[in-house]
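Bear in mind these aren't lab numbers, they're just calculated from the coordinates by the rules spelled out. Predicted model, so just to flag it, every value in this text is computed and none were measured. All Cβ positions, glycine included, derive from the backbone under ideal geometry; neighbour counts span all protein chains shown.
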Amino acid sequence: MGKFSMSRFFGIDDDYDTADYNQTDEQAPTENDAIRSELPRRSGNKVVSINAPRPSANKIALFEPRLYSDVQEIASQLIKNQAVIVNLGRIDKGEARRIIDFLTGTVFAIEGDIERVGDQIFLCTPRNFEISGDISASLNDKLN
């Protein structure tokens, strides 16, 4: 058989000679087998469905709960890898404390973070977000 040049198709300098294979095997190698053996191996399965939903890691959801039961929707946004800003200005202090306790547990479970960014405003983030800076010092300076 003739020679198959990999450089002609892929810019690889190695030539493949089909005559070098032992023809007593069950099936003689094909040109595709030679190409596959020369290509680098990839580790892991990185196949992604074209119809898969896009990750929404770039969104921040805003919530102003009025009942304790609203915390379930806030927690589900965190589980979906969305950051959440929660304004507790329209709920009594006892319910607000319960909401913060629930969100603290949720954030702990997903390895996220919770930060106070205002008097009654909290930022909850999943693990793929990074919070930097200290806004509390800036708020105290403006109030004085």
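Tabulated data
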item: Spherically averaged projected area in nm², based on the convex hull that wraps the Cα atoms of segment 60-128; result: 3.8
item: Estimated dipole of segment 60-128 in Debye, rounded to 20 [Cβ of Lys and Arg +1, of Asp and Glu -1, Cα centre]; result: 40
item: Local net charge near Ser69, Cβ-Cβ under 13 Å (Lys/Arg +1, Asp/Glu -1); result: -1
item: Bridge type composition, segment 60-128 - antiparallel percent by DSSP, nearest 5; result: 65
